[in-house]
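Read through the structure below, which is laid out as structure tokens, and then see the notes.
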Amino acid sequence: MRIVSPTADALTLAIRDFLDRMGMPNRVYAPDSELGREISAGLDGAASYPLVQALDHPPIAPRTVRDVAVTIYGRPEDIDVDTVVDLAIVGAGPAGLATAVYGASEGLSTVVIEAEAVGGQAGTSSMIRNYLGFPRGISGMRLAQRARNQAIRFGTRFFTGWEVLALEPGAGGAPHVLHTDGGDVRARAVVVAAGVSYRKLRVPGVDELTGTGVFYGSAMTAAREMEGYDVVVVGGGNSAGQAAIHLARFASSVTILVRRAGLAETMSSYLVNEIRWSSRITVQPCAEVTEVGGDGRLEWLTVRDTTSGSGARREARGLFLLLGAEPHCDWLPDAVARDEKGFVLTGRDVPRDRWLDGLPPDSLATTVPGVFTVGDLRAGSMKRVAAASGEGASVVPLVHAWLQ
């Protein structure tokens, strides 16, 4: 994948991050380089940067990451409109990928729709060390790509870069319909594995500098741009710990800000120990970011001590926000029951007044027959990669029972 861009602007970094998470080798060329001029000459129309030449396709001038994804992977409307698949999976994180592998391997015609890159939040982890069978660890991207390739071998079709906008439940034996900007997918059963997104930081300057020094998640590509600079990670979960360790390979210093008194309550012990041993990582407890600023990109931020209330400005070239989970399911119909935080209710967590014939739904089934939920989006889920994979495998027998 060849990218032509004069600067490391927000869109260029986002495209590179997407390609890295998809496991696709990529490189950026200057517009005045020999290859840059060659790619620019192949564009139909005036060049506006960045330009992307995807595999053997002609170059494009994308406005969003989705434009790149569509060029590589196609659109959901490529599915024959007369085809009703057995199983449609929304989301390609560990839970969705496991569902695809087990569903397709057992003979179900399976389609996966993913709004961003395959792997979900887990795909941004630089190294997962506590996943069964990988004693030396494995990156989230490699784990996701192996699972994707495995699902493809069994016949799963992936459509990447398209967000599902609505689910229209089937009635009277009719299939469910998933609506996207790129077309509709009709399926006899739907597994929602859309996962969660990082909670937004609502302080002055963040929105304006997002993508130019301020990032949600670990932003693996942006980490390489931090060489020699001071960076800050906000969050106390495993994702924040993995991001800090990865960033410490490039940045001169990494500071982890947490509102609690320490990391032990919310982070796995192996990560706490690794952070303690790193000479480049510092943990600042009882702290929060109240303002960020800079001339066109992040240059400084203000940190407030939550105990004393005092604030201090410090220099920082990167701010990585891993602030916890918000459900990503506004597109689901009201018929799908959710808790007060917006997570989907399944099984016995469903209120009794929504049980059918006095019986609760199956363990991973929602209040809409034929629609299931697995992974982080499900209320009460464990929020671990192995747990999500297990739910993805466990839901397939329920799908079979529903189809029968």
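Give the Cα extents of the range 275-404 along the principal axes, in whole Å, largest first.
That gives 61, 32, 32 Å along the principal axes, largest extent first.
What is the sum of charges, Lys and Arg at +1 and Asp and Glu at -1, for the other residues whose Cβ falls under 13 Å from the Cβ of residue 272?
The answer is +1.
Take the Cβ-Cβ distance between residue 330 and residue 152 as r, set R0 to 22 Å, and report the resulting FRET efficiency rounded to the nearest 0.05.
Between residue 330 and residue 152 the formula returns 0.15.
Taking 7 Å along the Cα-to-C-beta vector as the label spot, tell me the residue 106-residue 207 distance in nanometres, rounded to one decimal.
With each label placed 7 Å out from Cα toward Cβ, I get 4.6 nm.
Among 317, 352, 129, determine the one that fluctuates most according to a GNM of the chain built with springs between C-alpha atoms less than 10 Å apart.
352
Using every Cα-Cα pair within the chain, state what percent have a distance larger than 33 Å.
Numbers: 29899 of 81406 pairs.
For the chain, the fraction of Cα-Cα distances above 33 Å is 37 percent.
Taking θ = phi - 60°, what integer Hz values does the Karplus form 6.51 cos²θ - 1.76 cosθ + 1.60 yield along the range 177-183, in sequence order, with x for Gly and Pro?
Rounded to whole hertz, the list is 10, 9, 9, 9, 5, x, x.
From zero up to wherever the largest Cα-Cα distance of the range 162-212 sits, split into 10 Å bins and tell me the percent of pairs in each.
Whole-percent P(r) values from 0 Å outward: 20, 33, 21, 18, 8, 0.
Can you work out ³J(HN,Hα) from phi for every residue in the range 188-194, in order, using Karplus 6.51 cos²θ - 1.76 cosθ + 1.60 and θ = phi - 60°, giving whole Hz and x for Gly and Pro?
6, 9, 10, 10, 8, 10, 6
With springs only between Cα atoms under 10 Å, which of 382, 220, 22 fluctuates most in a Gaussian network model of the chain?
382
Take the alpha carbon atoms of the range 151-238, find their radius of gyration, then divide it by 2.2 N^0.38 Å using N residues; give the quotient.
The value comes to 1.61.
Given the DSSP H assignment, sum -39500 (n - 2.57) over each helix run of at least 4 residues in the chain and divide by its residue total; what's the result at 222 nm in deg cm²/dmol, nearest 500? Can you show the working numbers first?
On the way: 10 runs with 102 residues, N = 404.
One gets -7500 deg cm²/dmol as the mean residue ellipticity at 222 nm.
Using modelled backbone amide H atoms (1.01 Å from N, in-plane), which distant-in-sequence or interchain residues come within less than 5 Å of residue 29's amide H?
3, 4, 5
In square nanometres and to one decimal, what's the mean projected area of the convex hull around the Cα atoms of the range 2-73?
If I average the Cα hull's projected area over directions, I get 4.3 nm².
Just to check, using Stokes-Einstein with a Kirkwood Rh over alpha carbon pairs, what's the diffusion coefficient of the range 206-323 at 4 °C and 1.567 mPa s in µm²/s?
The Stokes-Einstein estimate is 93 µm²/s.
Please find, in a Gaussian network model of the chain (springs between Cα atoms separated by less than 10 Å), the residue of 344, 303, 90 whose mean-square fluctuation is greatest.
303
None of the figures in this text is laboratory data; all of them are computed from the coordinates on show. Small disclaimer: the values here were computed from a predicted structure and weren't measured. Cβ atoms come from the backbone with ideal geometry, glycine included; neighbour counts cover every protein chain shown.
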